[in-house]
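I have placed the structure first, in the form of structure tokens, so that the comments after it can refer back to it.
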Amino acid sequence: MMKLGIVGGGMYGSRLAHIFMEAHNAGQVDFCAAADVSRPALERLTANFGVAGYSDYKEMIEKERLDAIAVVTPDHLHEEIAVHSAGKGLHMLVQKPIATTSAGAKRIVDAACAAGVLLYVDFHKRFDPSLALARRQFAEGVYGELLYGYLNIEDTLYIPAEAFAKWAHLSSPAWFVGIHLIDALNWALGMAPDKVSAIGHKKKLARMGVDTYDALNARLQYPCGAVINMDASWVLPRSFPSPVNQNVRLVGTDGFIEIDGQDRGVQSWSEKAAADPLKSMINNPYGFLESYNSLTECALSGYTVESVLYFIKLLGKIDAGASVASLAGLYPSGEEAALATRIVEAIHESAAASGETVSV
């Protein structure tokens, strides 16, 4: 059984730790250690999951003799940790974006290839059943040839102004959430844009002292002539009843598909939800769900869970003798993540050039 550690115990790192512990309890992996430079975050991880705690991830790797690692740090810190971990022969789950520059993404991919380790990028939107349906139906020609489309993915102001205020200036709504839909679209359509143009807006957050975009409006152009427009932002009001709002609309010559990723039919209201910016009053049970039954205290499900458990499944295959090369094409790879990074990088280049078209 492979020994697994995690680097990063913040908002999403804690969720992954929860998933890893469920896999640990099921005998699928030995989740044994966590690292975080924040003492309060590290203490929460060690107390909640009973794992060994380290302030230095390099010390954790050496002392725990890990086989695999999950990198769940702020976006701009992935590169150093991933390259070092690959050099130590560790299989990796890296949160999106793999890096915030194409050069950084390439260094991670090259390091993983040189070491022959699994580099799995947690693009969990690929596990969303609605996008999986779109992928299958486009492949079957249900909608004909793609003509145009619209995407929006938006976070509330709580994310850049409070939750990630210390490093939001090093990110953007396109890096933090937009890249999810960019990768999912590449995967679902089986093609990627070759040109982009974008306009960025720096108003509200800049007035609050956070030097990053409020929103980025991008135009993605495909070799086939199709055009898809994407809006990514993170300044929705705190009163919005969900931490994230997202929608997809794709129109072809023979039909179209609309995916409402926000309102999936379950709504609830409570004082507790109103007081917690991360408690959604419009629930998405397809994304993350905790359920209880007589056989287990808590069972986790949903596409954000399935994405992580699939990484655990791949580790099991490698542990049983499968080569990393034999798994090619079966998971969100470093090369695919590097492409998504280049697209978002080009969006920022265009926004900085007042909407000039940039080649991917």
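The values are calculated or read from the model by the stated rules, or taken from the named source; none is laboratory data. Just so you know, these numbers come straight off a predicted model, no measurement behind them. Here the Cβ is made from the backbone with ideal geometry for all residues, glycine too, and neighbour counts use every protein chain on show.
Which count do you get for residues in region 49-75 that are surrounded by fewer than 19 Cβ atoms within 10 Å (Cβ to Cβ), free of Cβ contacts under 8 Å to residues at least 60 places away in the same chain and either in a helix (DSSP H, G or I) or on the phi > 0 side of the Ramachandran plot (or both)?
Of region 49-75, the ones surrounded by fewer than 19 Cβ atoms within 10 Å (Cβ to Cβ) are 50, 52, 55-56, 58-59, 62-63, 65, 74.
Next cut, free of Cβ contacts under 8 Å to residues at least 60 places away in the same chain only: 50, 52, 55-56, 58-59, 62-63.
The next check asks that each one be either in a helix (DSSP H, G or I) or on the phi > 0 side of the Ramachandran plot (or both); those that pass are 50, 58-59, 62-63.
Of the residues in region 49-75, 5 are surrounded by fewer than 19 Cβ atoms within 10 Å (Cβ to Cβ), free of Cβ contacts under 8 Å to residues at least 60 places away in the same chain and either in a helix (DSSP H, G or I) or on the phi > 0 side of the Ramachandran plot (or both).
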Inset, instruction - Have a look at 206, 184 and point out the one that is crowded, with 19+ Cβ neighbours inside 10 Å, of a type outside the set (D, E, K, R) and either modelled with pLDDT of 95 or more or not assigned by TED's automatic domain parsing to the domain that holds residue 9 (or both). - result: 184
Inset, instruction - Working carefully through the options 162, 140, find the one that is closer than 30 Å to residue 224 by Cα, charged (D, E, K, R) and not assigned by TED's automatic domain parsing to the domain that holds residue 318. - result: 140
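For (1) farther than 29 Å from residue 11 by Cβ; (2) in contact (Cβ under 8 Å) with a residue 40 or more places away in the chain; (3) within 16 Å of the chain's Cα centre (by Cα), each residue gets a yes or a no:
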| site | (1), (2), (3) |
| --- | --- |
| 316 | no, yes, no |
| 322 | yes, no, no |
| 333 | no, yes, yes |
| 340 | no, yes, yes |
| 343 | no, yes, yes |
| 350 | yes, yes, no |
Legend entry - Residue among 81, 108, 98 that is surrounded by 21 or more Cβ atoms within 10 Å (Cβ to Cβ) and not in a helix (DSSP H, G or I): 98
Inset, instruction - Considering (1) surrounded by 24 or more Cβ atoms within 10 Å (Cβ to Cβ); (2) assigned to a helix (DSSP H, G or I); (3) in contact with a Pro (Cβ under 8 Å, 6 or more places away or on another chain), say which one residue 125 fails and leave the rest. - result: (3)
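Out of 42, 4, 16, report the one residue that is at negative phi, surrounded by fewer than 21 Cβ atoms within 10 Å (Cβ to Cβ) and in contact (Cβ under 8 Å) with a residue 24 or more places away in the chain.
Values: 4 fails: surrounded by fewer than 21 Cβ atoms within 10 Å (Cβ to Cβ); 16 fails: surrounded by fewer than 21 Cβ atoms within 10 Å (Cβ to Cβ).
That would be 42, the only listed residue that is at negative phi, surrounded by fewer than 21 Cβ atoms within 10 Å (Cβ to Cβ) and in contact (Cβ under 8 Å) with a residue 24 or more places away in the chain.
Of the residues 349, 356, which is in contact with a Ser or Thr (Cβ under 7 Å, 6 or more places away or on another chain) and either farther than 20 Å from residue 72 by Cα or among the aromatic types (Phe, Trp, Tyr) (or both)?
On the way: 349 fails: in contact with a Ser or Thr (Cβ under 7 Å, 6 or more places away or on another chain).
One residue alone meets the criteria, 356.
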Inset, instruction - State yes or no: is residue 332 modelled with pLDDT of 65 or more and surrounded by 12 or more Cβ atoms within 10 Å (Cβ to Cβ)? - result: yes
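Working carefully through the options 84, 78, find the one that is assigned by TED's automatic domain parsing to the domain that holds residue 38, in contact with a strand residue (DSSP E or B) (Cβ under 7 Å, 6 or more places away or on another chain) and closer than 19 Å to residue 36 by Cα.
Numbers: 84 fails: in contact with a strand residue (DSSP E or B) (Cβ under 7 Å, 6 or more places away or on another chain).
Of 84, 78, the one residue that is assigned by TED's automatic domain parsing to the domain that holds residue 38, in contact with a strand residue (DSSP E or B) (Cβ under 7 Å, 6 or more places away or on another chain) and closer than 19 Å to residue 36 by Cα is 78.
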